[in-house]
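Asks: Please read through the structure below; I'll follow up with questions.
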Amino acid sequence: LPSALGTPSTPFDDGRSPYQITTPIYYVNDKPHIGHAYTSLACDVLARYMRLSQRDVYFLTGTDEHGQKVQTTAATKGMDPLAFCDEVSRSFRELLTLLDIDNDRFIRTTEEFHKESVRHLWNVLKDNGAIYLGSYEGWYSVRDECYYNESELIDGKAPTGAEVTWVKKEDSYFFKLSDYQQRL
């Protein structure tokens, strides 16, 4: 163990405060691959280093279980979307065990705790005027989960080569990022 407590300070970290780290919350449209292993290992190395340096660490990972890709993939496999998520999420937890990843929490976005937390945050943001109801229309790629401008399309496809479909005007909530411009 290091003789001094903590780690060297940086402009963003005093070297002594509790340290929080998270992997991406992995999307469950398919089984884990080398990229998932890499980011999990990178976070684990940082968390272990901080713990060896006597820092209080909270290391979070988990799975993101929503979206059209999940619904479509589950349907293709003849499965209920939640049953499909259960299966794929389990494979991510098995990967962490195989790699001896020492995370503190594995969260699933289908967990009731997560849903309650999101509802709470949503209400706080809405009550403070940080989100508003508007509308959107445009070229949308399910694979990329992204809207594209007409000028971005290449031969009628997304720049990634993904198929796009026109989404007629639909209601959507937006975050007022411009209100935070000075702070950012």
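Asks: Quick one: with all protein chains in place, what share of the accessible area of the chain is carbon or sulfur, to the nearest percent (1.4 Å probe)?
Replies: In the chain, the share of accessible area belonging to carbon and sulfur is 54 percent.
Asks: Ok, one more. What list of ³J(HN,Hα) values in whole Hz, one per residue of segment 101-111 in order, does the Karplus curve 6.51 cos²θ - 1.76 cosθ + 1.60 (θ = phi - 60°) give from phi, with Gly and Pro shown as x?
Replies: Working through the residues one at a time gives 6, 10, 7, 8, 8, 10, 10, 10, 6, 8, 5 Hz.
Asks: Any chance you could look up the accessible area of Thr110 with a 1.4 Å probe, heavy atoms only, rounded to 10 Å²?
Replies: 40
Asks: Turning to a different aspect of this structure: What list of ³J(HN,Hα) couplings, whole Hz, do you get for segment 57-73 from phi and the Karplus terms 6.51, -1.76, 1.60, once you set θ to phi - 60° and write x for glycine and proline?
Replies: 10, 10, 10, 10, 8, x, 10, 9, 10, 8, x, 5, 5, 5, 4, 5, 5
Asks: Relative contact order (percent) for the chain, with alpha-carbon contacts under 8 angstrom and 6 or more residues of separation?
Replies: So the answer I get is 18 percent.
Asks: Now, a different point. Quick one: work out Rg over Rh on the C-alpha atoms of segment 33-107, Rh as Kirkwood radius.
Replies: 1.09
Asks: May I pose another question? Any idea what the alpha-carbon Rg over 2.2 N^0.38 Å comes to for segment 1-69? Mind showing how you got there, number by number?
Replies: Numbers: Rg = 15.1 Å, N = 69, 2.2 N^0.38 = 11.0 Å.
In units of the 2.2 N^0.38 Å rule of thumb, it is 1.38.
Asks: Let me ask you something else. Could you give the length gained on full extension between Lys176 and Val45, defined as 0.36 nm per residue of separation minus the Cα-Cα distance, in nm?
Replies: Full extension of this stretch gives 43.6 nm more.
Asks: Now for a separate question. For segment 155-170 and segment 78-140, what is the separation of their C-alpha centers, rounded to whole Å?
Replies: 25
Asks: Under Stokes-Einstein, with the Kirkwood radius over Cα pairs standing in for Rh, what whole-number D in µm²/s applies to segment 143-184 at 20 °C and 1.002 mPa s?
Replies: Once the numbers are plugged in, D ends up at 168 µm²/s.
Asks: Now, a different point. Under 14 Å from a point 7 Å along the Cα-to-Cβ line of Asp30: which residues of segment 70-93 have their amide N that close?
Replies: 70, 73-74
Asks: With only alpha-carbon atoms counted, please give the Rg and Dmax of the chain, in Å.
Replies: Cα-based Rg and Dmax for the chain come out at 20.4, 62 Å.
Asks: Ranked highest first by the average count of other Cβ atoms within 10 Å around their residues, in what order do 49-60, 172-183 fall?
Replies: For the peptides 49-60, 172-183, the packing ranking is 49-60, 172-183.
Asks: Of Leu46, Leu96, Leu121, which has the largest mean-square fluctuation in a 10 Å C-alpha GNM of the chain?
Replies: Leu121
Asks: Most fluctuating residue of Pro159, Pro11, Pro24 in a GNM of the chain with Cα springs under 10 Å: which is it?
Replies: Pro11
Asks: OK, next. Which one, Ser9, Gly62, Leu121, projects farthest toward the positive side of the charge dipole computed for the chain from Cβ point charges (K/R +1, D/E -1)?
Replies: Value: Ser9.
Asks: Largest first and in whole Å, what are the equivalent-ellipsoid semi-axes of segment 86-156 based on the Cα gyration tensor, each being the root of 5 times an eigenvalue?
Replies: Three semi-axes, in Å: 33, 25, 10.
Asks: Further question: Report ³J(HN,Hα) in whole Hz for each residue of segment 15-22, in order, from the Karplus equation J = 6.51 cos²θ - 1.76 cosθ + 1.60 where θ = phi - 60°; Gly and Pro get x.
Replies: Taking θ as phi minus 60°, the curve returns x, 10, 5, x, 10, 10, 9, 9 Hz for segment 15-22.
The values are calculated or read from the model by the stated rules, or taken from the named source; none is laboratory data. Worth saying up front: this structure is predicted, and the values here are computed from it rather than measured. Here the Cβ is made from the backbone with ideal geometry for all residues, glycine too, and neighbour counts use every protein chain on show. Note: accessible area is taken over every heavy atom of the protein model, side chains too, but ligands, DNA and RNA are not part of it. Shrake-Rupley method; radii C 1.70, N 1.55, O 1.52, S 1.80 Å.
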